[in-house]
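Below is one structure; the comments refer to it alone.
The values are calculated or read from the model by the stated rules, or taken from the named source; none is laboratory data. Quantities reported herein were computed from a predicted structural model and do not represent experimental measurements. Every residue, glycine among them, receives a Cβ derived from its backbone with ideal geometry; neighbour counts consider all protein chains shown. With ligands, DNA and RNA removed, areas are computed over all heavy atoms of the protein, side chains included. Shrake-Rupley method; radii C 1.70, N 1.55, O 1.52, S 1.80 Å.
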Amino acid sequence: MTQIKICGLMRPADVVMVNRAQPDAIGMVFAPGRRRQITVATARQLAQQLDSRIRRVGVFTTNQLSEILALVQQHIIQVVQLHAAVDDPRIASLMAAHVPVIQAMPPANATQCQADYLLLDNARPGSGQVLDWNQLQSQRPIRPFILAGGLTPTNVVTAINKLHPAMVDVASGVETAGNKDREKIDLMVQRAHQMGVSAPLLTRNMEELA
């Protein structure tokens, strides 16, 4: 199956939806100024209610390294997704601390990824803007990657067939009027999981992500 991450959880009701749908991971946004940004207290509550089989990813931009590490050490998140420059020193620091890191970047910079995992997204994450799949198809990274950018239940099968990502990442594509939509989440997870890849990007072994 192709793995899937549902990003931008904000409410306990969102956790109920993903516990039912069983995506492989969820994202909680700590990046300052983003619409889906949540507090540490909210994130802790959501993490406690989340099915333990679903990995918890924290999404960051300019956040201090100490803030990021504190969320890991408190077991609120297990994986760090960083939207930053390709040579950001926080990447090496997190990896040295044995924290799994997803580095988000536009396709043009994909070969410069230094992190454990590569996420391809457009310049405005969470905006719902679709990447140029035809261009990406001709420049597809050799390494396994996560695909984001304007994915929906309507287009995710086409995206997977064209680009063969190991995982897809969706936020606005499973929302209605700015809130997570149960039917869209169910359909998105079902359609991603029915599409095959050679091997999963992230395993369900939680010890590997502790």
Å² per residue, accessible surface of the chain at 1.4 Å: 45 Å²
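Given a 1.4 angstrom probe, I'd like the percentage of the accessible area of region 17-64 that is carbon and sulfur, rounded to a whole number. Could you put the intermediate results ahead of the total?
Values: 930 of 2020 Å².
For region 17-64, the apolar C and S fraction of the accessible surface comes to 46 percent.
Give me the percent relative contact order of the chain, please, defined on Cα pairs under 8 angstrom at least 6 residues apart. Let's see the in-between values first.
Details: 405 pairs, mean separation 47.7, N = 210.
Here the relative contact order equals 23 percent.
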Give a residue-ordered list of calculated ³J(HN,Hα) values for region 13-21 (Karplus: 6.51 cos²θ - 1.76 cosθ + 1.60, θ = phi - 60°; whole Hz; x for Gly, Pro). 4, 5, 5, 4, 5, 6, 4, 6, 7
Which residues' amide hydrogens lie under 5 Å from the amide hydrogen of Cys7, considering only partners 5 or more residues apart or on another chain, with H built in the peptide plane? Gly27, Val170, Ala171
What does the charge dipole of region 140-188 about its Cα centre add up to, to the nearest 20 debye, if the Cβ of each Lys and Arg holds +1 and the Cβ of each Asp and Glu holds -1? 260 debye
Charge dipole magnitude, Cβ of K and R +1, D and E -1 - the chain, Cα centre, debye nearest 20: 320 debye
Using the eigenvalues of the Cα gyration tensor, what equivalent ellipsoid semi-axes result for region 1-55 when each is taken as the square root of five times the eigenvalue, whole Å, largest first? 19, 13, 9
Taking 8 Å as the Cα distance limit and 6 or more residues as the minimum spacing, I'd like the relative contact order of region 117-193 as a percentage. 30 percent
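Taking 0.36 nm per residue of sequence separation and subtracting the Cα-Cα distance, how much length would be gained by fully extending the chain between His75 and Gln194, in nm to one decimal?
Working: separation 119, 0.36 × 119 = 42.84 nm, distance 3.06 nm.
In short, 39.8 nm is gained.
For region 77-121, what is the relative contact order in percent, using Cα pairs closer than 8 Å and at least 6 residues apart in sequence? All intermediate terms of the calculation are to be shown ahead of the outcome.
Details: 70 pairs, mean separation 17.4, N = 45.
So the answer I get is 39 percent.
Average projected area of the Cα convex hull of region 51-142, in nm²?
Numbers: hull surface 27.4 nm².
Averaging across all directions leaves 6.9 nm² for the Cα convex hull.
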Tell me the Kirkwood radius of region 1-108: reciprocal of the mean inverse pair distance over distinct alpha-carbon atoms, in Å. 14.1 Å
How large, in Å, is the chain by the Kirkwood hydrodynamic radius built from its alpha-carbon pairs? 16.8 Å
Options Val130, Leu118, Val174, ranked by Cα towards positive dipole end of the chain, top entry (Cβ charges): Val174
Beyond 15 Å, what share of the Cα-Cα pairs of region 60-106 is found? Please give it as a whole percent. 34 percent
